[in-house]
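A.B. asks: I have a structure here, written as structure tokens, and I will follow up with some questions on it.
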Amino acid sequence: MNHKKRLSLLLAIMMLATFILSACSGGNNGNSASGGDTGNEGDSLEPITITYFSADSNANWVNMQDAVGKKLTELTGVTIQAEFAVDGSNQKLPLMVASGEYPDLVFAKGDANLFVDAGAYIDLTDLIEEHAPNIKKVYGDYMSRLKWSNEDEAIYVLPTLAAVDNEMLDAGGTFQIQHEVLKELGYPELKTVKDYENALKAYYEKYPTIDGQPTIPLSLNADGWRIMISVTNPAFIATGVSDDGEYYIDLETAEAQLHYKRPEEKEYFRWLNHMNATGLLDKETFVQKTDQYEAKISSGRVLGVIDQDWGFGNATSALRSSGKENRTYARFPIQLDETTKDATFQDTGYVAGWGVGITTSAKDPVRIIKFLDYLASEEGQILMNWGIEGEHYEVVDGKRVIPEEIQERKTYDNANFTKETGIGLYNALYPRYGDGVLDSTGNYFTTNFPETIMKNYTPSEKETLQAYGVEMWKDLWPKKEEFPVKPWGVAYNIPVPSDSNINITYKKVEEITRKRIPEIILADPSKFDELYDQFIQELNAAGAEQMEQEYTELVRARVELWND
């Protein structure tokens, strides 16, 4: 469907919505967000159900029967009827597009192009301009980054995956090692993979068992997509590159290349091969499931993991609950060698990208955009992030404070806490400010700020941080000012046209990578070079070079669109 047809369809829908609302309300079609930050009241609270599909999974969704969800319905009249992808995959999206029938809202992750190309998303430009002052305020100077492409400047998606003006306040990975190991070894210097290896090895040799079970020096999670987080992504992280998904993007030329092709990363995988050959890598790394991986960590016998905090949060909670807090983990910006520095905090600007779109099946786009605008309001964001005053937080001397018992539940029983409260459960639906941003009262929009982060550190964390002469984990990392700003944001959220061969080739590349990388790591070291070279040749034979060229053009187009 071309742009003119989409526009005609949008106008028809908006006229129908206006007619219906006028008939019901005598011309007043406002809702709780229409009058600025909190808006008008009245018949806008008339109950309405908004259908929603998310390509992300959400195990904590309880049909808005959480405290925040009930309050949200009370304030707006809106009930969300949601469906989430069970496995977090996008498999249902092509079927949805083929049928031509959609829910009102769709969060399509990286496949928004399917809906745009099918004419299934409406252009939100005029809706935002006329009915969404809070959304405009949140995006601010970044509104231009919402444009779909150089050829089509419509706004089809409200980016919600990333928060606006978010400041990364703490580091969540990647190389992690038990506090107990560091304490036993006198808090050694940890800068390179060799330093990391030596620490794991020294403790393992001294304590071959823990609580009667065999000690595991290092374990990784290669279960499904987790292989990227724990096995392959660390290859670029440990060689001085920030995250652009499966590609390395040259900062000067914007040329895209599969990051595995970098010689530096080959040496990182050689190190993992060495770790396996010397018996330091968990022998079950490439056959264990996530629950098995977490169970091992929960036992306290895994000395090190290469992962992000959220990748084993349940295991961390279990360790704390069982009195093994000393066997939780410290993290460090480990590099392959001292010629590079961890670029985790490299500035990307606002990355826009993945978010939620209103479909052509929506009967009342105006009411929907006003609902999303309420969520983006200051009142809405405080409700979404903090919960209900008097129930989840208190205001003391003008400052929002989370009672200790609430914070304890949030920290140690987060899944159940989220299900009951709904705090943080609706973030994929609306644009919002990130960590470190202050509201009009001088309070932070989010509950994640330096004071709370440091307050919630465990005794072992505080002891380890003090030993290394810092207050927060982030203090160990190179600062964002040490790197140039990436003009394309992050490459992994650049939309790929559905008629491109990129996605088809990528599936082949992904299959090859997930098969060959484990084989390479587990191989006899004498065969490493041969197998790695064959891996690169296989990628190229599958069309990787053409894919890289096409992706380069997409990156360069993004740079032009965002920096014109």
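A.B. asks: Within region 75-91, does at least one residue satisfy the condition of being in a loop (DSSP other than H, G, I, E, B), farther than 23 Å from Asn414 by Cα, at pLDDT 95 or above and not β-branched (Val, Ile, Thr)?
C.D. replies: yes
Quick grid of which residues meet (1) closer than 20 Å to Leu251 by Cα; (2) outside any helix (DSSP H, G or I):
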site: Trp488; (1), (2): yes, yes
site: Ser498; (1), (2): no, yes
site: Ile504; (1), (2): no, no
site: Val509; (1), (2): no, no
site: Arg514; (1), (2): no, no
site: Pro518; (1), (2): no, no
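A.B. asks: Sticking with this one: Of the residues Thr290, Thr253, which single one is on the phi < 0 side of the Ramachandran plot, within 26 Å of the chain's Cα centre (by Cα), in the same structural domain as Val485 (by TED's automatic domain parsing) and of a type in the set (S, T, N, Q)?
C.D. replies: Thr290
Yes/no matrix, rows are residues, columns are (1) at pLDDT 95 or above; (2) assigned to a loop (DSSP other than H, G, I, E, B); (3) under 20 Å from Arg432 (Cβ atoms):
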position	(1), (2), (3)
Asn134	yes, no, yes
Ser144	no, no, yes
Ser149	no, yes, no
Tyr156	yes, yes, yes
Leu161	no, yes, yes
Asn166	no, yes, yes
Tyr196	yes, no, no
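A.B. asks: Checking Pro487 against (1) over 22 Å from Trp225 (Cβ atoms); (2) touching a helix residue (DSSP H, G or I) at 6+ places or on another chain (Cβ under 6 Å); (3) not assigned by TED's automatic domain parsing to the domain that holds Asp250, which single condition isn't satisfied?
C.D. replies: Evaluating Pro487 over (1) over 22 Å from Trp225 (Cβ atoms); (2) touching a helix residue (DSSP H, G or I) at 6+ places or on another chain (Cβ under 6 Å); (3) not assigned by TED's automatic domain parsing to the domain that holds Asp250 leaves (3) as the failure.
A.B. asks: Given the options Lys183, Lys147, name the one that is in contact (Cβ under 8 Å) with a residue 24 or more places away in the chain, within 25 Å of Tyr457 (Cα to Cα), surrounded by fewer than 20 Cβ atoms within 10 Å (Cβ to Cβ) and not hydroxyl-bearing (Ser, Thr, Tyr).
C.D. replies: Lys183
Okay, residues lined up against (1) at negative phi; (2) of a type outside the set (S, T, N, Q):
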| site | (1), (2) |
| --- | --- |
| Glu451 | yes, yes |
| Pro459 | yes, yes |
| Leu465 | yes, yes |
| Gly469 | no, yes |
| Pro484 | yes, yes |
| Pro497 | yes, yes |
| Asn503 | yes, no |
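A.B. asks: Turning to a different aspect of this structure: May I ask you to list pairs of residues, at least six apart or on different chains, whose Cβ atoms are under 7 Å apart, with the first in region 219-235 being modelled with pLDDT of 95 or more and the second being among the basic types (Lys, Arg)?
C.D. replies: Sorted first by the residue in region 219-235, then by its partner, the pairs are Ser219/Lys296; Asp223/Lys289; Ile227/Arg514.
A.B. asks: Can you tell me which residues in region 100-118 are aliphatic (A, V, I, L, M) and within 20 Å of Ile48 (Cα to Cα)?
C.D. replies: Within region 100-118, Leu105, Val106 qualify.
A.B. asks: Tell me, yes or no, whether region 245-255 has at least one residue that is surrounded by 21 or more Cβ atoms within 10 Å (Cβ to Cβ) and part of a helix (DSSP H, G or I).
C.D. replies: no
A.B. asks: Suppose the filter is assigned to a helix (DSSP H, G or I), among the polar types (S, T, N, Q), assigned by TED's automatic domain parsing to the domain that holds Glu184 and in contact with a helix residue (DSSP H, G or I) (Cβ under 6 Å, 6 or more places away or on another chain); does Thr464 pass it?
C.D. replies: Criteria met by Thr464.
A.B. asks: Looking only at region 504-533, count how many residues are over 26 Å from Ser219 (Cα atoms) and loosely packed, with under 15 Cβ neighbours inside 10 Å.
C.D. replies: Looking only at that region, the number is 2.
A.B. asks: Can you name every one of the strands (runs of 3 or more DSSP E) wholly within region 339-432 that holds 1 or more residues which are crowded, with 18+ Cβ neighbours inside 10 Å?
C.D. replies: Answer list for region 339-432: 355-358, 399-401.
A.B. asks: Name the pairs whose Cβ atoms lie under 7 Å apart, with the first residue in region 120-138 and free of Cβ contacts under 8 Å to residues at least 24 places away in the same chain, the second assigned to a helix (DSSP H, G or I) and surrounded by fewer than 24 Cβ atoms within 10 Å (Cβ to Cβ), and 6 or more positions between them or separate chains?
C.D. replies: Lys136/Ile128; Lys136/Met143
A.B. asks: Restrict the check to region 440-456 and report whether at least one residue is touching a helix residue (DSSP H, G or I) at 6+ places or on another chain (Cβ under 9 Å), charged (D, E, K, R) and either buried (at least 16 other Cβ atoms within 10 Å of the Cβ) or closer than 20 Å to Met384 by Cβ (or both).
C.D. replies: No: region 440-456 contains no residue that is touching a helix residue (DSSP H, G or I) at 6+ places or on another chain (Cβ under 9 Å), charged (D, E, K, R) and either buried (at least 16 other Cβ atoms within 10 Å of the Cβ) or closer than 20 Å to Met384 by Cβ (or both).
A.B. asks: May I ask you to say which residue of Ile517, Ile504 is β-branched (Val, Ile, Thr), over 23 Å from the mean Cα position of the chain (by Cα) and at pLDDT 95 or above?
C.D. replies: When all the criteria are applied, what remains is Ile517.
A.B. asks: Further question: Considering only residues that are out of contact with any Leu (no Cβ under 6 Å at 6 or more places or on another chain) and assigned to a loop (DSSP other than H, G, I, E, B), which ones fall in region 268-285?
C.D. replies: Thr278, Gly279, Asp282, Lys283, Glu284
Listed here are the residues, each with its yes/no results for (1) at pLDDT 95 or above; (2) farther than 29 Å from Thr49 by Cα.
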site: Trp354; (1), (2): no, no
site: Pro365; (1), (2): yes, no
site: Gly398; (1), (2): yes, yes
site: Glu408; (1), (2): no, yes
site: Tyr433; (1), (2): yes, no
site: Lys455; (1), (2): no, yes
site: Glu461; (1), (2): yes, yes
site: Leu465; (1), (2): yes, yes
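A.B. asks: Residue by residue through region 96-132, note down the ones that are surrounded by 16 or more Cβ atoms within 10 Å (Cβ to Cβ) and part of a loop (DSSP other than H, G, I, E, B).
C.D. replies: Tyr102, Pro103, Asp104, Ala108, Ala118, Gly119, Ala120, Ile122, Asp123, Leu124, Ala132, listed by residue number.
A.B. asks: Let me ask you something else. Can Phe269 be described as out of contact with any Lys or Arg (no Cβ under 8 Å at 6 or more places or on another chain) and either surrounded by 20 or more Cβ atoms within 10 Å (Cβ to Cβ) or on the phi < 0 side of the Ramachandran plot (or both)?
C.D. replies: Yes, satisfied.
A.B. asks: If you don't mind, another one. Of all residues in region 186-202, how many are surrounded by fewer than 18 Cβ atoms within 10 Å (Cβ to Cβ), under 17 Å from Leu281 (Cα atoms) and out of contact with any Asp or Glu (no Cβ under 7 Å at 6 or more places or on another chain)?
C.D. replies: Here the count works out to 4.
A.B. asks: A follow-up question, please. Does Ile521 meet the test of being in contact with a strand residue (DSSP E or B) (Cβ under 8 Å, 6 or more places away or on another chain) and either among the β-branched types (Val, Ile, Thr) or in the same structural domain as Lys266 (by TED's automatic domain parsing) (or both)?
C.D. replies: So Ile521 fits the description; yes.
The values are calculated or read from the model by the stated rules, or taken from the named source; none is laboratory data. What you see is a predicted model; the values in this text were computed from it and never measured. Methodologically, a virtual Cβ is constructed for each residue, glycine included, from the backbone with ideal geometry; neighbour enumeration extends over all protein chains shown.
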